[in-house]
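The values are calculated or read from the model by the stated rules, or taken from the named source; none is laboratory data. This structure is a prediction, so every number in the text was calculated from the model and none was measured. With ideal geometry, Cβ positions are generated from the backbone for all residues, glycine too; neighbour counts draw on all protein chains shown. Surface areas here come from the heavy atoms of the whole protein model, side chains and all, with no ligands, DNA or RNA. Shrake-Rupley method; radii C 1.70, N 1.55, O 1.52, S 1.80 Å.
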Amino acid sequence: MDSERRGVTLGVLGVLIVGASVPVTGMLDGYPVITGQALRYALAGALLLAWARLRGQPMPLPGRRDWPALIALAATGMIGFQACLLFAQRYAEPGLVAAFLGGTPLVLALAAPLAKGKRPSWAPVAGAVLAGLGIAVLSGGGAARWQGLVLAALAMVCEALFTLLAVGVLERLGALATATWSCCAAGVGGAVVGTVADPSASWAWPDGRELIALGYLTVVVTAIAFLLWYSAVSMLGADRAGVLVGLMPVSGLAVSLLLGMQDFRFSQLIGVALVSSGVVLGLRRERDELGALDVEVLDDVAADDRDHDRAHRPGEGDLLDELRPAVDRAQPQREIHGAERNRLADGDLAVLDQ
């Protein structure tokens, strides 16, 4: 249970950091999209490598099974997500894009268990539906052209793949290595794609405002938040951790209100209440999941009790050891009872009679 609370805490911190960074991301509107993201991820990967070295923590290298997932994760969940998100807002209002992203928890709640051949649990699914509804209320929706709808849907898929593609790598390498190598893959891949796509302006030097935004996104939103998120996914599972994604727009709303970038509406309180309810519901474990662990523990305890019964009750073990030679010599039980009656309880005599 301590591990579960820790996973929830880490996941909440991670999504709140990412959600609060929305105003900062807007500071990079004029900077090349792909190479800007490549620079951010490459620097974050270097920071995580340095952090592991300072702590003396081993950094396992990805194997043949890991690289395809890491490359796909970098292309879709990192570079692809940011590109779709920025381009979608050119053809759709931000509220509609946010409403589409509200479907990410439901995608994770359904796809994560199915990918492992398991049945989706009702709690994450129901929680994801509530959280998605709350996000739609928070965003208020909006108008869009068909290009905006397509790009918003692609952004939602890419956001879900950021978690789904990392599940197997997390099991093999751990949270720190997964965050580090995915950032390195995104940095290298983004640099190549950005240079080929726009060689003249891809590596423009950022101005002071853009440099501050890149520094914040690199250290806080990427290196720290990615490590927090992948740690939460490894502890909670992708389906249950996915409902925490609903807290991102809540965090973004809070920052926007504090900075005076958005006006307060009563409907926002309803949206926050729905998202919060969905998160609480989605994090619940089903009784079957808890019962399976309890039954396993009880079986182990029962087996240990049978195997070590004499060790726990040495007096009875010594008495049975004394009586065993007498039984082997086929002496009558009543003689045993008579000789040992002063050392046996009535219940023990009944057992010996049987």
Inter-label distance, nm, simple model (7 Å from Cα along the C-beta direction), ALA153/ALA273: 3.3 nm
Hey, what's region 200-250 come to in accessible area per residue, 1.4 Å probe, Å²? 37 Å²
Could you tell me what percent of the accessible area of region 1-114 is made up of carbon and sulfur, with a 1.4 Å probe and every protein chain present? 67 percent
With a ≥ b ≥ c from the Cα gyration tensor eigenvalues, square-rooted, and the rule rounded for a/c under 1.5, otherwise prolate when a/b > b/c and oblate otherwise, region 3-141 is oblate
What distance in nm lies between label points placed 7 Å from Cα along the C-beta direction at ARG119 and ARG55? 3.8 nm
Pop a pseudo-label 7 angstrom from the Cα along the beta-carbon direction at both ARG285 and ASP207 and give the gap in nm to one decimal. 5.4 nm
How much of the accessible area of region 162-220, probe 1.4 Å, is carbon plus sulfur, in whole percent? 72 percent
Determine the distance separating the Cα centre of region 1-75 from the Cα centre of region 85-151; give it in Å without decimals. 21 Å
Under the rule a/c < 1.5 gives rounded, and otherwise a/b versus b/c splits prolate from oblate, where does region 60-104 land using the Cα gyration tensor? prolate
Most packed first (mean Cβ within 10 Å per residue), the peptides 78-90, 165-177 order as 78-90, 165-177
Everything considered on the Cα gyration tensor (a ≥ b ≥ c; rounded for a/c under 1.5, else prolate if a/b is larger than b/c, else oblate), region 72-180 must be described as oblate
Alpha carbon Rg of region 153-244, scaled by the compact-globule rule 2.2 N^0.38 Å: 1.25
